[in-house]
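In what follows, a single structure is set out as structure tokens and then discussed.
The values are calculated or read from the model by the stated rules, or taken from the named source; none is laboratory data. Just so it is clear, the structure is predicted and the values come from calculations on it, not from any experiment. Virtual Cβ from ideal backbone geometry, glycine too; neighbours counted across all protein chains shown. When the accessible area is computed, the model is the full protein with side chains, heavy atoms only, and any ligands, DNA or RNA have been set aside. Shrake-Rupley method; radii C 1.70, N 1.55, O 1.52, S 1.80 Å.
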Amino acid sequence: KLKRCYFIHFFRPSCKVFFAKDPLKIVRAQGQYMFDETGEKYLDCINNVAHVGHSHPYVTKAATKQMELLNTNSRFLHDNLVQYAQRLAATLPEKLSVCYFVNSGSEANDLALRLARQYHGHQDVITLENAYHGHLTSLIDISPYKFNQLGKDSKKEFVHVAPSPDIYRGKYREDHPDPASAYAEEVKKIIEETQKNGRKIAAFIAESMQSCGGQVIPPVGYFQKVAEYVRAAGGVFIADEVQVGFGRVGKHFWAFQLQGEDFVPDIVTMGKPIGNGHPMSCVVTTREIAESFGASGLEYFNTVSLYMQFGGNPVSCAIGLAVLDVIEKEDLQGNAARVGNYLLELLAEQKEKHPLVGDIRGVGLFVGVDLVKDQQKRTPATAEALHLIYKLKEQKILLSADGPHRNVLKFKPPMCFTMENAKHVVEKIDVLLTGMYGLM
């Protein structure tokens, strides 16, 4: 068997792993559990890639069955492609009807930028503080979460950074009478300043709920107002659903729908959950934007546009269809709502009990626990968060900490996560938090 040191030799330091001090070697997984090479079982609270559960037999069977028949590029007609596009489009508002199938969330966001820039010929992009949209060069450029690590001069001239709509740590907080409007006005100011400098906005891009940015949930009404300002400037609104889509929020199939029925993005990107770990992703947009892109000379077909020849291959589409089937048949969206609400209730009790817990926020199975050294000052408890996730690992529970201060515990488990799982994790957190006060 290959030793862990081989990984370090061939891949690090550019490739980071969970629990760098003592990384896990996982050899198999099932449902919400992962197993290391010794057979130890870990409860997975962070793996939003395995959306319907690790190694789901229905998804695996669909992939195997189609692979045994045919897998080829999208130059050939195949029913899976059309059926999947129809199923996917049916989950979205009517005007979002044109699909581009690609191979990763990063490719999806890169293509979304190309669509936006082609639409009116503008170039500039507004992004949010602490945003992360992918690892391609074009996406590092619009991801402060990444480019800020490169130094103060790393931001490109065509990139404009708006405040994160964080009502716990941000500029406008929960005591503000209208934080949605206040944060949207910040975007409007950026647009006005950009126009004074002779530049034009192509797009505003935001995760429908910020993940790497610290599990931030925008106040209702924020996206509507931002979209109004951006569209008036000739730009489009891109909703990045790569980490938060496909029923994770429970109340809706897509996280942008939390903003209300009156909000519809111009472009939606998706990845990770779409194939339960299989390398596939999608961009969905309006026919008007798609036709503009088609005018650039890249291929454009009737109801399905194929930017990458292999993105909509029969196997990927079979897997995508199987994932949608499982979400529906196992009521995973409903499970996310029920278990997520229970998890939030349990964590709220911890906030009342432990001074280290500053804020609990989340929707469905997307939950953040903001740890603080001082509840009034909201001083990030970074070291404490790191200590806690390592102690949870010793208890065979996998959780991570993220956000700009690396102090926010992130829950993004597979959608088959149960109430028993939620209770088990919170009970362990309770014990560990109690034991940490002697260390502070």
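Pairs over the 24 Å Cα-Cα cut-off, from the set LYS146/LYS251; LYS155/LYS196; LYS25/LYS391; LYS225/LYS251: LYS146/LYS251.
Our estimate of slack between ASP22 and GLN83, defined as 0.36 nm per intervening residue step minus the Cα-Cα distance, is 17.5 nm. Remark: segment 70-330 carries 39 Å² of accessible area per residue (probe radius 1.4 Å; ligands, DNA and RNA excluded). Taking a quarter of the surface of the Cα convex hull of segment 192-294 gives a mean projected area of 8.0 nm². Pairs from the list LYS377/LYS428; LYS61/LYS272; LYS61/LYS412; LYS21/LYS393 with a Cα-Cα gap above 21 Å: LYS377/LYS428; LYS61/LYS412. Leaving out same-chain residues fewer than 8 places away, which aspartates and glutamates sit with a Cα under 13 Å from that of LYS373? Hits, sequence-local ones excluded: ASP359, GLU384.
By the Cα gyration tensor, segment 70-330 has an equivalent ellipsoid whose semi-axes, rounded to whole angstrom, run 30, 21, 17 from largest to smallest. Given their separation in residues at 0.36 nm each and the Cα-Cα distance between them, HIS176 and GLU420 gain 84.1 nm when the chain is fully extended. Between ALA112, ALA239, ALA422, the GNM of the chain built on Cα springs shorter than 10 angstrom shows ALA422 fluctuating the most.
Ranking HIS252, PRO93, ILE142 by how far each Cα lies toward the positive end of the dipole of segment 70-330 (charges on Cβ) leaves ILE142 at the top.
For the chain, the relative contact order is 22 percent, taking Cα pairs closer than 8 Å that sit 6 or more residues apart in sequence and dividing their mean separation by the residue count. The charge dipole of the chain, taken about its Cα centre with unit charges on the Cβ atoms of Lys, Arg (+1), Asp and Glu (-1) only, comes to about 1200 debye. Farthest towards the positive end of the charge dipole of the chain, among the residues VAL27, GLY121, ILE289, is the Cα of VAL27, using unit charges on the Cβ of Lys, Arg, Asp and Glu. Distance from the Cα centroid of segment 42-120 to that of segment 195-232 is 25 Å (rounded to whole angstrom). Summary value for segment 70-330: 30 percent relative contact order, contacts being C-alpha pairs under 8 angstrom separated by 6+ residues. When you count the other C-beta atoms within 10 angstrom of each residue and take the mean per peptide, 34-42, 127-135, 58-66 line up highest first as 127-135, 58-66, 34-42. The share of accessible area on segment 70-330 that comes from carbon and sulfur is 49 percent, using a 1.4 angstrom probe. Say R0 is 45 Å: what FRET efficiency, to the nearest 0.05, do GLU192 and THR38 get from their beta-carbon distance? Efficiency for this residue pair is about 0.15.
At full extension, ASP430 and GLU330 could sit 32.9 nm farther apart than now, given 0.36 nm per residue minus the alpha carbon distance. Put simply, when 426-437, 280-291 are sorted by average Cβ atoms within 10 angstrom per residue, most first, you get 280-291, 426-437.
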